[in-house]
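> Below are the structure tokens for one structure; questions will follow.
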Amino acid sequence: MPEEDKEGKQFHQEVPATCEGFFLKGSNSLDWGIKNRLARIFNPESGRTVMLAVDHGYFQGPTTGLERIDLNILPIAPFADTLMLTRGILRSTVPPTYNKGIVLRASGGPSILKELSHEGLAVDMEEAIRLNVSALAVQVFIGGEFESQSVLNMTRLVDMGMRYGIPTLAVTAVGKDMARDARYFRLACRMCAELGAHYVKTYYVPQGFDTVTASCPVPIVMAGGKKLPELEALTMCHRAVQEGAAGVDMGRNIFQSANPKAMIQAVTKIVHELLPPAQAYELYQDLRAGA
Ligand code: R5P
């Protein structure tokens, strides 16, 4: 027999039930499962994330630094909050004991030899569930040749993901000849958010990045872009989070660094603790020397 319900103080009638908001911008109206997945990507204490992006092979093949993900990336993966990668690398190379968030690349098609904006969705929702991923990532080419197709890839992924509580990360991809300025990124990020993306990845711009984050109603994470000298990359990270980014999704500036393990730790200190760039660079050098 179950224990009898007893009248007593353990009901705490004097304590109102809590009704907390969710810590991520624009995410409060989402369901429990999708919030739980977002909380595996973004650290609920800092509200930010360090995503380690290693999905470049999906259109570039074995790019510099990613020739052997087992040797180059797995040793530094524990320092990231989340790995962003393809299902091929996840299954073949990442041990299932890895228990942090996985953001799965869900679009693809063309290689670097062809028109990159001509992508389609390249992962089924059942596969995403089977792999227990925390989010799906899709490239959106605003202003690109196949702009509408890429936007509709994103909206379709949002619709499918909403059925099962899987968030969508929209990645703003910029064509070679297009201006990379705040006006462009305001347009691209806002379109992605308006059409349903749960968070958006975009590039840092030195002028007006704060207007990009302010006008986007969901979190923005900063893409690293081409390899920069370490101090410059750390300074860019610091500026991005100071100007409203909810973290970074960096690849080459970490895995192509002279010391990726030291670099990811310095980036983490900036993102979660807002360590000033000069101190983060000092940390990078100390860790590098210690190694
Ligand atoms: C590129 O298309 C991939 O989505 C990468 O994840 C992205 O570019 C971020 O990597 P990186 O910091 O090297 O630019």
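> Using a 1.4 Å probe, what is the accessible area per residue for the chain, in Å²?
50
> Residue by residue through the range 150-159, what is 3J(HN,Hα) from phi via Karplus (6.51 cos²θ - 1.76 cosθ + 1.60, θ = phi - 60°)? Round to whole Hz and write x for glycine and proline.
6, 5, 6, 4, 5, 5, 5, 5, 4, 4
> Now for a different question. Between D210 and A289, what is the spin-label point distance in nm, taking each point 7 Å from the Cα along the Cα→C-beta axis?
If labels sit at D210 and A289, their model points lie 3.5 nm apart.
> Would you give the gap between the C-alpha center of the range 115-139 and the C-alpha center of the range 222-284, rounded to a whole Å?
The range 115-139 and the range 222-284 have Cα centres separated by 27 Å.
> Between T211, P260, H198, whose Cα lies farthest towards the positive end of the dipole of the chain when Lys and Arg beta carbons carry +1 and Asp and Glu beta carbons carry -1, centred on the Cα centre?
Value computed over the given set: P260.
> List every residue whose amide H lies under 5 Å from the amide H of T86, counting only residues 5 or more places away in sequence or on a different chain, with H placed 1.01 Å from N in the peptide plane.
For T86, the qualifying residues are R105.
> Under unit Cβ charges (Lys, Arg +1; Asp, Glu -1), what dipole magnitude, rounded to 20 debye, does the range 1-150 have relative to its Cα centre?
It comes to approximately 460 debye.
> Please give the charge dipole size of the chain, origin at the Cα centre, charges +1 on K and R Cβ atoms and -1 on D and E Cβ atoms. Round to the nearest 20 debye.
Dipole size: approximately 700 debye.
> Amide H of A223 versus every other amide H placed in the peptide plane: which residues, excluding those fewer than 5 positions away on the same chain, fall under 5 Å?
Distant-sequence amide H within range of A223: T202, Y203, Y204, D249.
> Which of the cysteines in the chain are isolated, no other cysteine C-beta under 4.7 Å?
Among the cysteines of the chain, those whose Cβ sits 4.7 Å or more from every other are C19, C192, C237.
> Net charge around M250, counting only other residues with Cβ within less than 11 Å of its Cβ (Lys, Arg = +1; Asp, Glu = -1)?
Local net charge: +2.
> Could you give the angle, 0 to 90 degrees to the nearest 10, between helix 260-273's Cα long axis and the longest principal axis of the Cα atoms of the chain?
Approximately 50 degrees, to the nearest 10.
> Something else about it: Taking the chain as the reference, fit the longest principal axis to its C-alpha atoms, fit the long axis of helix 230-242 to the helix C-alpha atoms, and give the angle between the two in degrees, 0 to 90, nearest 10.
Approximately 40 degrees, to the nearest ten.
> Would you mind calculating the relative contact order of the chain from Cα pairs under 8 angstrom and at least 6 residues apart, reporting the percent as a whole number?
Rounded, it is 17 percent for the chain.
> Shifting gears a bit: Can you tell which of M263, M51, M178 shows the greatest fluctuation in a Gaussian network model of the chain with Cα springs below 10 Å?
M178
> Here's something else I'd like to know. Which chymotrypsin sites (Phe, Trp or Tyr not before Pro) from the range 1-92 combine a DSSP loop assignment with at most 12 other Cβ atoms within 10 Å?
none
> Just flag the GluC sites (Glu not before Pro) in the range 110-199 sitting in loop per DSSP whose Cβ has no more than 16 other Cβ atoms within 10 Å.
Passing both the DSSP loop test and the Cβ count: E115, E145.
> Give me the distance between the Cα centres of the range 164-216 and the range 7-44, rounded to whole Å.
Using only Cα atoms, the two centres lie 28 Å from each other.
> Given the DSSP H assignment, sum -39500 (n - 2.57) over each helix run of at least 4 residues in the chain and divide by its residue total; what's the result at 222 nm in deg cm²/dmol, nearest 500?
Mean residue ellipticity at 222 nm (helix-derived): -11000 deg cm²/dmol.
> Here's a follow-up. Can you run phi through the Karplus equation (6.51, -1.76, 1.60; θ = phi - 60°) for the range 207-215 and list ³J(HN,Hα) in whole Hz, with x for Gly and Pro?
Calculated HN-Hα couplings, in order: 9, x, 4, 4, 6, 5, 5, 5, 8 Hz.
> Can I ask one more? For the range 76-82, just list the computed ³J(HN,Hα) in residue order, Karplus coefficients 6.51, -1.76 and 1.60, θ = phi - 60°, integers in Hz, with x standing in for Gly and Pro.
With the stated coefficients, the range 76-82 comes to 9, 4, x, 7, 8, 7, 8 Hz.
> Considering only DSSP beta bridges whose two residues both sit in the chain, what percent are antiparallel, to the nearest 5?
If we restrict to bridges inside the chain, about 5 percent are antiparallel.
> Here is a follow-up. What percentage of the solvent-accessible surface of the range 52-104, computed with a 1.4 Å probe over protein heavy atoms, is contributed by carbon and sulfur atoms?
58
The values are calculated or read from the model by the stated rules, or taken from the named source; none is laboratory data. Everything quoted here is computed from the prediction, not taken from an experiment. For neighbour counting, all protein chains shown are included, and Cβ atoms are generated from backbone atoms with ideal geometry for every residue, glycine included. SASA here: full protein model, heavy atoms, side chains in, ligands and nucleic acids out. Shrake-Rupley method; radii C 1.70, N 1.55, O 1.52, S 1.80 Å.
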